[in-house]
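**Q** Structure provided below as structure tokens; questions to follow.
The values are calculated or read from the model by the stated rules, or taken from the named source; none is laboratory data. Everything quoted here is computed from the prediction, not taken from an experiment. Using ideal geometry, Cβ is built from the backbone for each residue, glycine included, and neighbour counts are taken over all protein chains shown. Note: areas computed on protein heavy atoms with side chains; ligands, DNA, RNA excluded. Shrake-Rupley method; radii C 1.70, N 1.55, O 1.52, S 1.80 Å.
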Amino acid sequence: MPKVLGGAQVMKTARREGEGDLRRMQVQGPSSSSQQKPNSPMSRRADVPDPAPASARCSSRRTEADWDMRGLEWSTEAVVKPFSVTRWSIDRHSILKIYRGIEPHRRQLGEAEALQLATRWGIAVPKVIATCAHVDEPWSIFSVVPGSVRPVRTDQDVERYLRHVRNLTARLEAQAVGLTPGIGWSQRGGEIASGNRRFMVDQLADRCRTYPWWSTLHARLSIVEADPIVYLHGDLKAEHFLVTDNEAHAVDWEACSRGPAACDSADVAFHVLRDLLYDGHVVQPMTVTLLSRLGTPGAVLAWRLIRWADRRRAGDLALIPSRDLDELSLEMNPVTACQRLTQLIATLRARGVPR
């Protein structure tokens, strides 16, 4: 969940976390009239410094023929997350995202490329207005898209959410031709082509190899080795779909990659179950049945659970029951696999692992 700070507290925190002394800038802006709904996650904000000056390394991208030239001014509040800070423009037409933490320049570039390709393919996404960098703090500006986040609490919510997911992933899979697994949608110079299992394993810290469940998980991930390689969103969850009566815009593409479709489906199942449990809800049998229709192998669900715990506090990996994780990674029945994943998430929540 985003960390919401205010006033002097966030200014102090921003300097401590490397946000720097950033100043106001001016860039080209779209003349869109779309408005973000009040219950979007972007409405939960906190004070942070202003973005980089226009003299920083910067490229503006024309996305609409009717752009006008005017200065963009930014709200003094923002959403602060572990790997990004986002802010509204005063006119509520644009959003600024400052990337930080893990490989911020790569994530900035990957998101911009994914959004441009997705737009070309007719997928409802934000438009890229500008991408810039100030020293080691890259940032991008995107257009605001209409819609609001729809909570996933009931079986009807899950069914509606899965329809949005299937529509998006079907469009991405239709564009996948001649891909190799890797981070981002473009293979970079120097990137060594690898198989699906290697792509997934490389997303886990080396310390994972020291745990007793590692050998079983590594062996079972071979189940996706021969799967087709597709374009992945990389972080599919309900809050990354802004929904109107007519369509759903997919946002936050900085984790985009190329790999087996099971990675995105594991994201979907994991986030639904985790959010229900951490919000104090009981996971209903029908919810498990609906999520099992994604057909995600138990080994991939186990991998997704580990990737989550791996990015929590030091020591949280050690709280995963080894035997239970082995049973999940060996599970071939999708319903039973989702049930085992639910039990493991509940166990880790009870043991104090933060959301």
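**Q** Might you check whether a residue that is touching a strand residue (DSSP E or B) at 6+ places or on another chain (Cβ under 6 Å), assigned to a loop (DSSP other than H, G, I, E, B) and open to solvent by 70 Å² or more (accessible area, probe 1.4 Å) occurs anywhere in segment 206-218? Talk me through it step by step, then tell me what you get.
**A** To start, the set of residues in segment 206-218 that are touching a strand residue (DSSP E or B) at 6+ places or on another chain (Cβ under 6 Å) comprises none.
Scanning segment 206-218, I find no residue that is touching a strand residue (DSSP E or B) at 6+ places or on another chain (Cβ under 6 Å), assigned to a loop (DSSP other than H, G, I, E, B) and open to solvent by 70 Å² or more (accessible area, probe 1.4 Å), so the answer is no.
**Q** Something else: Could you please let me know if Ser140 is part of a strand (DSSP E or B) and open to solvent by less than 60 Å² (accessible area, probe 1.4 Å)? Quick ask: steps written out before the conclusion?
**A** Numbers: part of a strand (DSSP E or B): yes; open to solvent by less than 60 Å² (accessible area, probe 1.4 Å): yes.
Here the answer is yes, as Ser140 does meet what is asked.
**Q** Against the condition closer than 23 Å to Trp213 by Cβ and surrounded by fewer than 22 Cβ atoms within 10 Å (Cβ to Cβ), how does Leu277 come out, does it pass? Even if it seems obvious, please write down each step before you answer.
**A** On the way: closer than 23 Å to Trp213 by Cβ: yes; surrounded by fewer than 22 Cβ atoms within 10 Å (Cβ to Cβ): yes.
Yes.
**Q** Go through segment 159-182 and give me each residue that's hydrophobic (A, V, I, L, M, F, W, C) and either assigned to a loop (DSSP other than H, G, I, E, B) or exposed (fewer than 14 other Cβ atoms within 10 Å of the Cβ) (or both).
**A** Ala170, Ala174, Ala176, Val177, Leu179, listed by residue number.
**Q** Now for a separate question. Evaluate segment 226-233: report whether one residue or more is in a strand (DSSP E or B) and buried (at least 24 other Cβ atoms within 10 Å of the Cβ).
**A** There is at least one residue in segment 226-233 that is in a strand (DSSP E or B) and buried (at least 24 other Cβ atoms within 10 Å of the Cβ).
**Q** Enumerate the pairs (first residue in segment 185-207 and on the phi < 0 side of the Ramachandran plot and modelled with pLDDT under 95; second residue anywhere and acidic (Asp, Glu) and not in a loop (DSSP other than H, G, I, E, B)) with beta-carbon separation below 8 Å, excluding pairs fewer than 6 apart on the same chain, so at least 6 apart or on different chains.
**A** So the pair list comes out as Ser186/Glu113.
**Q** Please tell me if Asp310 is surrounded by fewer than 18 Cβ atoms within 10 Å (Cβ to Cβ), acidic (Asp, Glu) and within 23 Å of the chain's Cα centre (by Cα). If you could, list the steps in order and put the result at the bottom.
**A** Details: surrounded by fewer than 18 Cβ atoms within 10 Å (Cβ to Cβ): yes; acidic (Asp, Glu): yes; within 23 Å of the chain's Cα centre (by Cα): yes.
So Asp310 passes the test.
**Q** I need the full set of residues from segment 271-307 which are touching a Leu at 6+ places or on another chain (Cβ under 7 Å) and among the aromatic types (Phe, Trp, Tyr), in order please.
**A** Passing the criteria: only Trp303.
**Q** A further question follows. Within the set of pairs 6+ apart or on separate chains, which have a first residue in segment 283-309 that is more than 19 Å from Glu327 (Cβ to Cβ) and aliphatic (A, V, I, L, M), a second that is part of a helix (DSSP H, G or I) and open to solvent by 10 Å² or more (accessible area, probe 1.4 Å), and C-beta atoms under 7 Å apart?
**A** Close Cβ pairs (under 7 Å, with a partner that is part of a helix (DSSP H, G or I) and open to solvent by 10 Å² or more (accessible area, probe 1.4 Å)) amount to Met286/Asp155; Leu290/Asp155; Leu290/Glu159; Leu294/Ser265.
**Q** Name the residues in segment 86-123 that are part of a helix (DSSP H, G or I), touching a Pro at 6+ places or on another chain (Cβ under 8 Å) and of a type in the set (S, T, N, Q), would you?
**A** Answer for segment 86-123, where residues must be part of a helix (DSSP H, G or I), touching a Pro at 6+ places or on another chain (Cβ under 8 Å) and of a type in the set (S, T, N, Q): just Gln108.
**Q** Restricting the search to segment 78-116, which residues are of a type in the set (Lys, Arg), open to solvent by 20 Å² or more (accessible area, probe 1.4 Å) and either more than 16 Å from Val135 (Cα to Cα) or free of Cβ contacts under 8 Å to residues at least 12 places away in the same chain (or both)?
**A** Correct list: Lys81, Arg92.
**Q** Could I ask something else about it? Among the residues of segment 333-355, are any in contact with a Phe, Trp or Tyr (Cβ under 6 Å, 6 or more places away or on another chain), of a type outside the set (A, V, I, L, M), open to solvent by 40 Å² or more (accessible area, probe 1.4 Å) and closer than 24 Å to Ala255 by Cα?
**A** Among the residues of segment 333-355, at least one is in contact with a Phe, Trp or Tyr (Cβ under 6 Å, 6 or more places away or on another chain), of a type outside the set (A, V, I, L, M), open to solvent by 40 Å² or more (accessible area, probe 1.4 Å) and closer than 24 Å to Ala255 by Cα, which makes the answer yes.
**Q** Return the pairs, sorted by first residue and then second, in which the second residue is open to solvent by 40 Å² or more (accessible area, probe 1.4 Å) and charged (D, E, K, R), the first residue lies in segment 234-257 and is more than 14 Å from Ala118 (Cβ to Cβ) and in a strand (DSSP E or B), the beta carbons are less than 6 Å apart, and the residues are 6+ apart or on different chains.
**A** From segment 234-257, the pairs are Val243/Arg150.
**Q** Which of the numbered conditions does Val135 fail, given that it passes all the others? Conditions: (1) open to solvent by 60 Å² or more (accessible area, probe 1.4 Å); (2) under 17 Å from the mean Cα position of the chain (by Cα); (3) touching a residue at least 12 places away in the same chain (Cβ under 8 Å).
**A** (2)
**Q** Regarding Glu327, is this residue surrounded by fewer than 21 Cβ atoms within 10 Å (Cβ to Cβ), over 28 Å from Ala112 (Cα atoms) and of a type outside the set (S, T, N, Q)?
**A** Against the criterion (surrounded by fewer than 21 Cβ atoms within 10 Å (Cβ to Cβ), over 28 Å from Ala112 (Cα atoms) and of a type outside the set (S, T, N, Q)), Glu327 qualifies.
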